[in-house]
Amino acid sequence: MWISPEFKIYIVKEFQRLKEEEQKQLGWSAKRELSRINYRIHTDAIKHNLIPAEITKAQASIIYANEADVLNVAMFGMTAKQWRDTNPDLKGNIRDYASINELICLSNMENLNAVFIEQGMPQPERLIKLNQIAIHQMSVLESGDNNRELLK
């Protein structure tokens, strides 16, 4: 402040901007972590309901990936491979580039798909139902009525 009042204002504003940016990043990270935790619920349902005991780990991996792609197609309209082919220069996966609202919706769908799997619902029916849920939830989350920030 002894240098100049303008400089002090500049420093304060820059500090506020950096804190706001940090909060946005923390919010996204928290939602990504929530998605990862819920994915465990999803994979547990797959393990106990869709993977026969007599298959190899490689075969089981294909089933897990196929079920992850059910969620990807329902939410994003494409499989993980399609996304990688479309975005060869990006590192990570489709979920790493998802918005907070998409991650919230995806987290909900992971839980619902786990329930649908446990109920014995066939995969094509689950995909249709999950896509309908994703469309509805995203329309609610993206509507102008939800201007509150989640992690403030």
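Would you kindly derive the ³J(HN,Hα) couplings of segment 54-60 from the backbone phi angles with the Karplus curve 6.51 cos²θ - 1.76 cosθ + 1.60 (θ = phi - 60°), listing them in order in whole Hz, with x for Gly and Pro?
8, 9, 7, 5, 5, 5, 5
Any idea what the relative contact order of segment 12-145 is, in percent, if you count C-alpha pairs under 8 Å spaced at least 6 apart?
Averaging sequence separation for qualifying contacts and normalising by length gives 34 percent for segment 12-145.
So if we plug the beta-carbon distance of ILE11 and LYS91 into 1/(1 + (r/R0)^6) with R0 = 41 Å, what FRET efficiency do we get, rounded to 0.05?
For R0 = 41 Å, the calculated efficiency reads 0.75.
Taking Cα pairs under 8 Å and at least six residues apart, what relative contact order does segment 62-106 come out at, in percent?
Answer for segment 62-106 is 30 percent.
As a test of the formula, what do you get for the chain when each DSSP H run with n ≥ 4 contributes -39,500 (n - 2.57) and the sum is divided by the residue count, at 222 nm and rounded to the nearest 500 deg cm²/dmol?
-25500 deg cm²/dmol
What is the total of Lys pairs in the chain with C-alpha atoms under 18 Å apart, excluding same-chain pairs fewer than 8 positions apart?
So the count works out to 7.
What list of ³J(HN,Hα) couplings, whole Hz, do you get for segment 122-135 from phi and the Karplus terms 6.51, -1.76, 1.60, once you set θ to phi - 60° and write x for glycine and proline?
Karplus values, whole Hz, x for Gly and Pro: x, 4, x, 5, 4, 4, 4, 5, 5, 5, 4, 5, 4, 4.
With label points built 7 Å along Cα→Cβ from the Cα atoms of ILE3 and HIS136, find their separation and express it in nm.
5.7 nm
Where a number appears in this text, it was derived from the coordinates with a stated rule and is not lab data. Computed from a prediction, not measured in an experiment: that's the story for all the values here. As a convention, Cβ positions derive from the backbone with ideal geometry for all residues, glycine included, and neighbour counts pool all protein chains shown.
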